[in-house]
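A short write-up of the structure that comes next.
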Amino acid sequence: MNEPKLGKIITDVVHKDAVHFALAPVVAAGPLKPGMHIGFVTPGNTELVDEATKATQITPIGIVDPFIVGTVREGQCFWMMLYPGTITGLRHEWTHPAFQDQREIAKWWMRDFLDKLGSYEHVGMEVDELIDHIKEYVANPARNTIAGFGTDIEYPDEATEKEFWKYAQILIGPVDKEVIAQGAPFRCAC
């Protein structure tokens, strides 16, 4: 049986079929129409997208959700459908070359966060060790907090906490919303 080749004219005898699409939640940099070809405004920023044209010099990697009725307004979040045949791995969690920098950005953010922790116990801790601590916390939030000394890390502002969980999930995978609601896995050691 032939696999459907979306984006190509059908030249063989085929029958109805079903397919998966790689999707990514993205934010519109400007007004976008359903089905419009789009790409990332800035390399490495896998959230902000705009129309991919010669004028914008944006590399196209997908289209605006073609099932949206109306125009996506600037700042609205929507699904980008990646071009067929471009993802490099699939397990209902796919990989794509344009998204590879995301893990490096997440590790950089965690390294900076760790430096601000100010814990004598955690001076010199590597990001991979922090990731292990985060996994332990996610498995048992009541017991596996990380103690910090002389910092305000136990009470990070909401934006920092939101970013913490955003980058943590890039590195360890999805985290239950109830665990996230309990806050970041840090406490004051005093």
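Taking the criterion of being closer than 25 Å to residue 69 by Cβ and either outside the structural domain of residue 72 (by TED's automatic domain parsing) or out of contact with any Cys (no Cβ under 9 Å at 6 or more places or on another chain) (or both), the residues of region 41-59 that qualify are 41, 48, 49, 50, 51, 52, 53, 56, 58.
Out of curiosity, is residue 21 at pLDDT below 90, assigned by TED's automatic domain parsing to the domain that holds residue 132 and closer than 24 Å to residue 172 by Cα? So residue 21 fails the test. Residue 115 passes every criterion in (1) at pLDDT below 80; (2) outside the structural domain of residue 126 (by TED's automatic domain parsing) apart from (2).
The values are calculated or read from the model by the stated rules, or taken from the named source; none is laboratory data. The shown structure was predicted, so the numbers you read here are calculated from the model rather than taken from an experiment. Counting neighbours? That spans all protein chains shown, and the Cβs are built from the backbone with ideal geometry, glycine included.
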